[in-house]
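A short write-up of the structure that comes next.
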Amino acid sequence: MRVLYITRDRSGRKIRKRMHRWAIGFIDGQDGFFEAALHEAVRVTRMPYEQAIALSDTQRRAFDAVVVNGKAGLPWQEDPSAALDALRPFNQPVSLFVGHAQPEVMPPDALLDRFKVVFKREPFADTGRYGISDANAAKIVPTHLANPMVSHSYRLKWRNRTRPLSTYAWQTPDEYDVFFIGTVSENRYVARIAAWEAVLGSDLTSIGGLLPKPEFKAQVPPALITDPLPKQEYREVMMRSSINLALEGIGPFTFRHLEQFWAGAFTLSTNTIRPLRLRAPLVEDQDYVAFDTIDEMMDKIRWYLEHDDARKTIAQNGRKAYERLYDVPAHAAEIRAALTA
């Protein structure tokens, strides 16, 4: 099966980086997991919308299907009718990849009717929350963001396999009670301030802090601010921390979740991941722990610090859940089945 994949608009990226990525086939950013699986599922030709629309009718007919990245530049959120017009040149079945972090982001029925499949990052399990028809709800295939700790390539497929680590976090001596590092800005992540303020105001040994966007820095207490950590140092700190926080950001399911499950680190998450439908389930109090309030967060931190066996069991289960969730070949089979049904 030959698929034309209309890629995310990266026109602002420097030409040197674009050429480097193309040369070795690296897939970076939040779309990496889905794109790696798509390339394993079918024969993919990648191009931006401007290039795809310039193809001749004969060239377009060479493809069996089209998959459009929701961030390709089509105005489907602002003007669904204009997005429909932009898709008219394609006579093949067209599917959509919605790579937005927010689970609530979903096109209206008028646009969903045009798509064969909707690959949605971390959608709500209850599709009734979208207010769309049953037929369009049935088109949703869950996918998720990529783990920054692993690299993907559409040329080197061996990079896309989940491999065991030599040492997991539950096997590493703990140096810190709590670790978190993450961005904050005016319209997102504000809850992170309250969480980290509570940790610093306690007698816990902690490491990390907040990375405010420049325009929001004045609104973050200076004591909460830290410097970015290099990737290797970040990994080492995560491995040496008893409790790793996964606090919601733009969306409820974040890079932190995948990084920590991958490392076999105990994960304490905000409760907003509960309503999500992931492509493999995560079980609360088995694979991770969640909290509803800051006071409950602090109570659970203290409880699990005092119960090493329970904490390590959950960390081990989190890694097993990661291996089920972060399975590129299995997701490739799901994508292929959806596109060929």
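The values are calculated or read from the model by the stated rules, or taken from the named source; none is laboratory data. Treat the numbers as computed from the prediction; the structure is a model and nothing was measured. Reconstructed Cβ throughout: ideal geometry from the backbone, glycine too, with neighbour counts over all protein chains shown. All accessible areas refer to the heavy atoms of the entire protein, side chains included, with ligands and DNA or RNA removed. Shrake-Rupley method; radii C 1.70, N 1.55, O 1.52, S 1.80 Å.
Quick look at the values:
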| quantity | calculated |
| --- | --- |
| Residue in the range 63-70 that is exposed (fewer than 14 other Cβ atoms within 10 Å of the Cβ) and not in a helix (DSSP H, G or I) present | no |
| Residues of the range 183-197 satisfying the condition of being out of contact with any Ser or Thr (no Cβ under 8 Å at 6 or more places or on another chain) and either open to solvent by 30 Å² or more (accessible area, probe 1.4 Å) or assigned to a strand (DSSP E or B) (or both) | 183, 184, 185, 186, 187, 188, 190, 194, 197 |
| Test: residue in the range 209-222 that is in the same structural domain as residue 288 (by the TED database), farther than 20 Å from residue 189 by Cα and out of contact with any Leu (no Cβ under 9 Å at 6 or more places or on another chain) | no |
| Candidates 273, 250 - the one that is hydrophobic (A, V, I, L, M, F, W, C) and at pLDDT below 95 | 250 |
| Answer residue from the range 276-321, given it is over 22 Å from residue 146 (Cβ atoms) and in a loop (DSSP other than H, G, I, E, B) and is farthest from the chain's Cα centre (by Cα) among those | 307 |
| Scan of the range 93-126 for residues that are over 18 Å from residue 8 (Cβ atoms), in contact (Cβ under 8 Å) with a residue 60 or more places away in the chain and either in a loop (DSSP other than H, G, I, E, B) or out of contact with any Lys or Arg (no Cβ under 9 Å at 6 or more places or on another chain) (or both), ordered by number | 93, 103, 123, 125, 126 |
| Scope the range 212-254; condition open to solvent by 60 Å² or more (accessible area, probe 1.4 Å) and assigned to a helix (DSSP H, G or I); matching residues | 214, 215, 217, 218, 219, 222, 223, 231, 232, 233, 235, 236 |
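Yes/no matrix, rows are residues, columns are (1) under 27 Å from residue 325 (Cβ atoms); (2) out of contact with any Leu (no Cβ under 8 Å at 6 or more places or on another chain); (3) modelled with pLDDT of 95 or more; (4) open to solvent by less than 30 Å² (accessible area, probe 1.4 Å):
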{"residue": "140", "(1), (2), (3), (4)": "yes, yes, yes, yes"}
{"residue": "147", "(1), (2), (3), (4)": "yes, no, yes, yes"}
{"residue": "153", "(1), (2), (3), (4)": "yes, yes, no, yes"}
{"residue": "157", "(1), (2), (3), (4)": "yes, yes, no, no"}
{"residue": "160", "(1), (2), (3), (4)": "yes, yes, no, yes"}
{"residue": "166", "(1), (2), (3), (4)": "yes, yes, yes, no"}
{"residue": "169", "(1), (2), (3), (4)": "yes, yes, yes, yes"}
{"residue": "203", "(1), (2), (3), (4)": "no, yes, yes, no"}
